[in-house]
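Worksheet: one structure, shown below.
The values are calculated or read from the model by the stated rules, or taken from the named source; none is laboratory data. Note that this is a predicted model, so its numbers are computed, not measured. Note that each Cβ is placed from the backbone with ideal geometry, even for glycine, and that neighbours are counted across all protein chains shown. All accessible areas refer to the heavy atoms of the entire protein, side chains included, with ligands and DNA or RNA removed. Shrake-Rupley method; radii C 1.70, N 1.55, O 1.52, S 1.80 Å.
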Amino acid sequence: MRSPAWMWDELLLACALVVENGWRELREGDRRVDELSDLLRSLPLHGDTARGIPKFRSTGSVSRKTTDLATNHPAYPGKATRCGRLDREMIARFTADPDIMLKAARAIEAGIGSGELVQIPEQPDEVAEDGATALEGRLLARWTLARERDPQLRRRKIDRARRIGQPLQCEVCDFHFGRFYGDLGEDYIEVHHVLPLHASGPRETKLEELALLCSNCHRMCHRSHAGESWRTPAMLRAKMTDYGALSRPRYTDDAC
């Protein structure tokens with residue numbers, strides 16, 4: 001069996017290694033290549049079948065991938081090796097914003113090292129509807145979505161909102177499930193991390209870092225679009241204001 005194609009999360013970790021090495025390739029025998037090979041084989045992306053392939057993310061394949069990434073950088077003076085579209089996109093992302101990309105790589109490493117990422121099942125929304133992967137990759141998207149669906153975290157945020165008199169309505173568009181759906185929607189609201197894991201890093205969540213959102217605005221905060229893979233509630237509200245959506249007539253309470 002042939003090894004599966006490299007996914008975004010794997011390329012993210014490989015390119016981080018190349019960047020930290022001064023945009024130079026890493027050869028077999030380098031301890032960092034050995035460590036990355038072991039890490040890639042442990043990622044919960046390809047299932048048990050891939051890990052049964054002897055050469056799956058071997059030190060040789062990892063070294064060759066660092067060569068592809070290094071030699072296709074715009075500043076590389078020699079002849080570039082062949083690489084794919086995803087490789088070139090990863091190089092462009094690291095060239096444009098290395099700090100964010102390195103933080104994303106460190107977050108994945110922390111999640112695997114702690115064992116948390118291995119335990120989280122696949123989430124329905126970890127891949128965009130067009131099949132593309134968000135900037136932070138599937139694993140960090142999976143981790144973020146799993147955290148936001150934690151019923152204890154949601155309950156703590158809602159209890160805090162009640163104590164301070166904050167209405168249980170969307171902080172972006174002011175939608176209130178109870179006013180629209182009656183008893184069915186009473187006390188329902190979704191919880192969203194203001195900053196995704198690739199920006200904040202994995203750490204204990206403070207309630208001040210969570211926002212109450214309706215389902216639509218929650219989806220729009222996570223949606224990959226026009227080069228953006230996430231946006232804060234404040235950014236989404238500003239976008240809606242620019243578009244004029246917040247100034248349009250709202251549905252009445254008895255609308256259907």
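Based on alpha-carbon positions alone, could you give the equivalent ellipsoid semi-axes of the range 172-212 from the gyration tensor, as √(5λ), descending, whole Å?
In descending order, the three semi-axes are 28, 10, 7 Å.
Going through the DSSP H helices of the chain, which span 20 Å or more along their own axis at the Cα atoms while scoring at least 0.0 as a mean Kyte-Doolittle hydropathy?
98-114
Give the lysines whose C-alpha is closer than 26 Å to that of Lys65, dropping any in the same chain fewer than 8 places away, or say none.
Partners found: Lys55, Lys79, Lys103.
Quote the Stokes-Einstein diffusion coefficient, in whole µm² s⁻¹, for the chain, based on the Kirkwood radius over alpha carbon pairs, a temperature of 25 °C and a viscosity of 0.890 mPa s.
In µm²/s, the coefficient rounds to 121.
Would you mind working out the accessible area per residue for the chain, using a 1.4 Å probe, and quoting it in Å²?
Per residue, the chain has an accessible area of 55 Å².
Determine the share of the chain's accessible area contributed by carbon and sulfur atoms, expressed in whole percent, with a 1.4 angstrom probe.
Carbon and sulfur together cover 51 percent of it.
Which residue, chosen from Val62, Met101, Met1, occupies the Cα position most advanced towards the positive end of the dipole of the range 1-104, where the dipole is computed from +1 (Lys, Arg) and -1 (Asp, Glu) charges on Cβ about the Cα centre?
Met1
Please work out the Cα convex hull volume for the range 1-141 and give it in Å³ per residue.
116 Å³
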